[in-house]
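Here the structure comes first, spelled out in structure tokens, and everything after it is commentary.
The values are calculated or read from the model by the stated rules, or taken from the named source; none is laboratory data. Model, not experiment: these values are computed from the prediction. Cβ coordinates were reconstructed from backbone atoms using ideal geometry, including for glycine residues, and neighbour counts include every protein chain displayed.
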Amino acid sequence: MAEIKSTLDMVLARAARIAVESDAAENSGEDMVKEGMRLAAAYLNQPSGDLSAPLAGQSVAKQAALRQGMVQTLLRNIVLPRDKALKESSELAIKGVLDLMTAKGGAAVTTACAELGQLLSQYGRHKEQMTQQLEDALLNQLEQQYTARGIQPPARLTAAMHPKYKDELARLLLELNGQYGQAMDQRKEIIGRLAAL
């Protein structure tokens, strides 16, 4: 009976040691992911150097965790370009993803990043085109309303004077953002899955 008890004690002690080692390894992996996030954020703030340099000399597990953290941060920074600064930041993040993932993800990453770049460019053009079409249509409506009343339209008539301008523009932008956001999320998900491998 004493032998069974001591064997049970030994098994329980060994299980506890394994659990502690497992927790330490897991925490170390989480720390490496966070470190990867920090490195990618620093790269985005001051784009100099090579993102893959910190991976050199690390174990395979640490490289994977660092890369995963870096890619997560870079993907979060690829957003719809509502202004020039966001577009430049998104393009830099795409470049960073390519630098980190081309060797690992191959053609799938290259294709997804190229498509993200196209979406960024198309979004700006599509937004301008859509806004211009809306403004032209509303300006035409205003001119017709003045003409129907027999009144000369003001010299500085703009589409923004139309009562529905803000609502229509907001609705159209919401639709556009939804379409492009969904397309971008699909590409980012592909890259994210490849980074987690």
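Side notes on the structure shown:
- Output for the range 9-48, where each listed residue is outside any helix (DSSP H, G or I) and either at pLDDT below 60 or more than 15 Å from Thr73 (Cβ to Cβ) (or both): Ser48
- First in the range 104-126 and over 18 Å from Arg82 (Cβ atoms) and among the hydroxyl-bearing types (Ser, Thr, Tyr), second anywhere and surrounded by 13 or more Cβ atoms within 10 Å (Cβ to Cβ) and modelled with pLDDT under 95, Cβ under 9 Å, 6 or more apart: Thr110/Leu98; Thr110/Met101; Thr110/Thr102; Thr111/Arg187; Thr111/Ile190
- Test result for Tyr146, more than 19 Å from the chain's Cα centre (by Cα), of a type in the set (Phe, Trp, Tyr), over 27 Å from Gln46 (Cβ atoms) and surrounded by fewer than 16 Cβ atoms within 10 Å (Cβ to Cβ): yes
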